[in-house]
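The values are calculated or read from the model by the stated rules, or taken from the named source; none is laboratory data. No experiment lies behind these values; they were computed from the predicted model shown. Cβ coordinates were reconstructed from backbone atoms using ideal geometry, including for glycine residues, and neighbour counts include every protein chain displayed. Each accessible area value is taken on the protein alone, full model and side chains, heavy atoms only, with ligands, DNA and RNA left out. Shrake-Rupley method; radii C 1.70, N 1.55, O 1.52, S 1.80 Å.
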Amino acid sequence: MEPTGLSDENVASPEDLSKLVMAAAKVPQIREYSTDTRFEVRVGRRMMRYGNTDSLVSRPDWKIEVQKTGYISRAGRCLVMQTVIEDRTIVIVLLHSFGKHTRVADARRVRKWMEATLLQATQATPPAST
């Protein structure tokens, strides 16, 4: 409906958001700015400081390539990101998280589940014969 993304009339599916994240990850400036922990800009004679609301970007154990947090009343607190888990590029779309920190905790749980699942799959695969 409108470009800010703040209207409840804007509608996107998780699939739409994953496509958007993958497209954004191809733009170096978006990757850089979306994963900065904080950013300062001069407005007139004042410096304005902005902090990233995704605390995972400051964690050295996460390789986040691009991310965006958001909130509107119909979708709740949201987090979309492209990250690397176990050498695989993964897109995570989390919608309607209940608490302020729930979306980050949910992303951690998704990562933990993926690591465990990929480890099990690796262990279950017999080694290639030579």
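For region 76-90, check the following and say yes or no: at least one residue is in a helix (DSSP H, G or I), β-branched (Val, Ile, Thr) and without any contact (Cβ under 8 Å) to a residue 60 or more places away in the chain. Among the residues of region 76-90, not one is in a helix (DSSP H, G or I), β-branched (Val, Ile, Thr) and without any contact (Cβ under 8 Å) to a residue 60 or more places away in the chain, which makes the answer no. Once region 117-127 is narrowed to residues that are surrounded by fewer than 11 Cβ atoms within 10 Å (Cβ to Cβ) and among the hydrophobic types (A, V, I, L, M, F, W, C), the residue that is nearest to MET81 (Cα to Cα) is ALA121. Entry remark, region 39-75: residues being open to solvent by less than 70 Å² (accessible area, probe 1.4 Å) and outside any helix (DSSP H, G or I) number 15 in total.
Applying a threshold of 6 Å to beta carbon distances and a minimum spacing of six or more residues, or different chains, the list of pairs starting in region 1-23 at a residue that is under 28 Å from VAL84 (Cα atoms) and ending at one that is not in a helix (DSSP H, G or I) reads PRO14/VAL93; LEU17/VAL80; LEU17/VAL93; SER18/VAL91; SER18/VAL93; VAL21/VAL80; VAL21/GLN82; VAL21/VAL91. If you go through region 7-38 and pick out every residue that is more than 15 Å from the chain's Cα centre (by Cα) and assigned to a helix (DSSP H, G or I), you end up with 2.
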